[in-house]
Amino acid sequence: MSLFKKFKNESETQAMELLNSSVANVEEMKKMYSSLFPYSKLSDASKDFKASATSATNEKVALAVSATLDMVSEQSIVLDKLEHFITLHVPKIEDGGNFGVGVQLDLVKKLGEMKESATKSTEALLGYDAARSDALGKLNLPSSSKSVTKSTSDTTTDGKKEDKSSETIEEKENTPSPSGPAYESKEKAVVAVDTLYYYKARGILGETIISFVAVMDFIDKNKDKLVEPKGKSGSSNFSMY
């Protein structure tokens, strides 16, 4: 009996639970996709995003990026569980080779590719805040600053010591004119950043859904070979004659 039989059985139960709930999960993913990405044309998205060009945050894009990052992260956890399942179901190596594990190896390859893609997607989307902040900073929007100067002094009156303090407040305002070709160009740059990351998030979430469907469909079609690659007897059906 395998030393890790307990973990093997647990991993199989977990994998089958993921498979059984996969259809419902895909339906939820599709609803999320439709909600986060309502624009069929990027030009329509850009027109809408223009209203948020001078705002600290574009709520629609920020939500799309955040939700997509969460979905990619959740899928990475699922991939780890499936990889754990496959690792523990690779059969004992027999003399002459380990025949019958081709389906398992195919799934291992798919999972590896998906995990690598998830890492790249996460790195790509995490650049949104920095990119937007840089573009927004170049607009040189109206701002104000306040400085406070405090001072204290000791005075003596009729032999009594008194502490006196004074405070000076200085306010400065920067009010550049939000107009002109240069300003409009910089404003477009902010919109371009929002549109770019909206596009990235849409593509990544779409690919995440497709990849999830593909891997769960693969498991559904080949679950017998994944669980018992050499059959229930545990021996290979391979013959050289």
task = Multiply the residue separation of residue 184 and residue 113 by 0.36 nm, subtract the distance between their alpha-carbon atoms, and state the gained length in nm to one decimal.
result = 21.3 nm
ask   = Under the Karplus relation 6.51 cos²θ - 1.76 cosθ + 1.60, θ = phi - 60°, what is the ordered set of whole-Hz ³J(HN,Hα) values for the stretch 70-75, x standing for Gly and Pro?
value = 4, 5, 5, 5, 5, 5
message = Among 73, 111, 34, which residue has its Cα furthest toward the positive end of the charge dipole of the stretch 34-116, with +1 on Lys/Arg Cβ and -1 on Asp/Glu Cβ?
response = 34
key: Distance in nm between pseudo-label sites at residue 81 and residue 120 (7 Å out along the Cβ direction from Cα)   = 2.6
inquiry  = If I model a spin label as a point 7 Å beyond the Cα along the Cα-Cβ vector, how far apart are those points for residue 214 and residue 7 in nm?
reply    = 2.9
message = Could you give each residue of the stretch 81-87 its phi-based ³J(HN,Hα) in whole Hz, using Karplus coefficients 6.51, -1.76, 1.60 with θ = phi - 60°, and x for Gly or Pro?
response = 5, 5, 5, 4, 4, 5, 4
task = Please find the FRET efficiency linking residue 30 to residue 192, where r is the Cβ-Cβ separation and R0 is fixed at 35 Å, and quote it to the nearest 0.05.
result = 0.80
Spin-label pair residue 19/residue 47, simplified geometry with 7 Å Cα→Cβ offset, distance in nm = 4.8
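Laboratory data are not the source of any read-out in this text; all were calculated from the coordinates shown. Since the structure is predicted, the reported quantities are computational estimates derived from the model, not experimental observations. Cβ: placed from backbone, ideal geometry, glycine included. Neighbour counts: every protein chain shown.
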